[in-house]
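Chemist: Handing you a structure now.
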Amino acid sequence: MTDKEYAKQKARIKKIIEKWHDVFELGQWDIVFYWTRVLNEDNPRVKAQVKGDWQYRHCTMELFLPMFEDNDDIEAERTIIHELTHVLLLPMAAKLDDDGADNHEYTCVSLTRAIIRAYQTSIDVQRHGK
Ligand SMILES: [Zn+2]
């Protein structure tokens, strides 16, 4: 990933995060973002990962920017919303076994879909008054 590609993806994803950070009411969280230009070593299909100490409302979000290059803004936004659900659900992610981790992931996927649908419905109502 060149410096130019890195800067382009970082700026694009940062803008999406700023949009959704307030919607998720994460102002009391201390989220440290790590922008990487390489793929995740353990799983090269991972776009981002959230880890942290929810007790202190502190977490990190590592973003593997090469994974976003082929995503349009809608797909990138879906990923960011998904990761932000992980932030909110960090207290439920502590000490999970494999089954629990799958349940947790399912919950984040389902919430992401619901949030996107609600957001889209809200836009439709604003545009068309339905
Ligand atoms: Zn996830």
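The values are calculated or read from the model by the stated rules, or taken from the named source; none is laboratory data. Bear in mind the structure is a predicted one, so any value in this text is a computation, not a measurement. When we count neighbours, we look across all protein chains shown, and the Cβ atoms used for this are built from the backbone with ideal geometry, even at glycine.
Chemist: Within the bounds of the stretch 32-51, is there any residue that is of a type outside the set (Phe, Trp, Tyr) and in contact with a Lys or Arg (Cβ under 6 Å, 6 or more places away or on another chain)?
Modeler: no
Chemist: With the requirement that a residue be within 17 Å of Ser110 (Cβ to Cβ) and free of Cβ contacts under 8 Å to residues at least 40 places away in the same chain, what does the stretch 43-84 give you?
Modeler: Answer for the stretch 43-84, where residues must be within 17 Å of Ser110 (Cβ to Cβ) and free of Cβ contacts under 8 Å to residues at least 40 places away in the same chain: Arg78, Thr79, His82, Glu83.
Chemist: OK, next. Collect the residues in the stretch 39-49 that are touching a strand residue (DSSP E or B) at 6+ places or on another chain (Cβ under 7 Å) and either at pLDDT below 95 or more than 17 Å from Glu18 (Cβ to Cβ) (or both), keeping them in residue-number order.
Modeler: Passing the criteria: Leu39, Asn40, Val46, Lys47, Gln49.
Chemist: Let me ask something else. Can we say Asp124 is closer than 22 Å to Tyr6 by Cα and loosely packed, with under 14 Cβ neighbours inside 10 Å?
Modeler: no
Chemist: Moving to a separate point now. What's the number of the only condition in (1) away from the ligand (no atom under 16 Å from the Cβ); (2) exposed (fewer than 13 other Cβ atoms within 10 Å of the Cβ); (3) at pLDDT 95 or above that Glu75 fails to meet?
Modeler: Unmet for Glu75, out of (1) away from the ligand (no atom under 16 Å from the Cβ); (2) exposed (fewer than 13 other Cβ atoms within 10 Å of the Cβ); (3) at pLDDT 95 or above: (1).
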